[in-house]
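To start, the structure itself, in structure tokens.
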Amino acid sequence: MEYKVVFFNMIKFSEEVTTASLTGNFLKYMDKLMKYDLIILDDFALRSIDEQTRIAPYQLLDDNKENYRLSIIGTVAK
């Protein structure tokens, strides 16, 4: 079985969420992310993040709860 995995630096993820939101493509971007089985968010606490970026991972999990196939892993720098 093959799994679809994507890796994001948290800064890049934040920029992509913000851009998608500002251009009116947020839902399309979220649909794109829901195709992955695993999303890795690296350096989660290196800088403050806006409300939209903070909500995005939870929205992905909530929207996908019937499938039980999406996992999001966040790492925090120490």
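The values are calculated or read from the model by the stated rules, or taken from the named source; none is laboratory data. Since we're looking at a predicted model, the values are computed, not measured. For accessibility, only protein heavy atoms count, side chains too; no ligands or nucleic acids. Shrake-Rupley method; radii C 1.70, N 1.55, O 1.52, S 1.80 Å.
May I ask you to compute the full-extension gain from residue 4 to residue 37, defined as 0.36 nm times their residue separation minus their alpha-carbon distance, rounded to one decimal in nm?
11.4 nm
Which order do you get for 35, 28, 4 if you rank them by accessible area with a 1.4 Å probe, largest at the top?
So, going from the largest accessible area down, we get 28, 35, 4.
How would 34, 10 line up by accessible area, probe 1.4 Å, largest first?
Sorted descending by solvent-accessible area, the residues read 34, 10.
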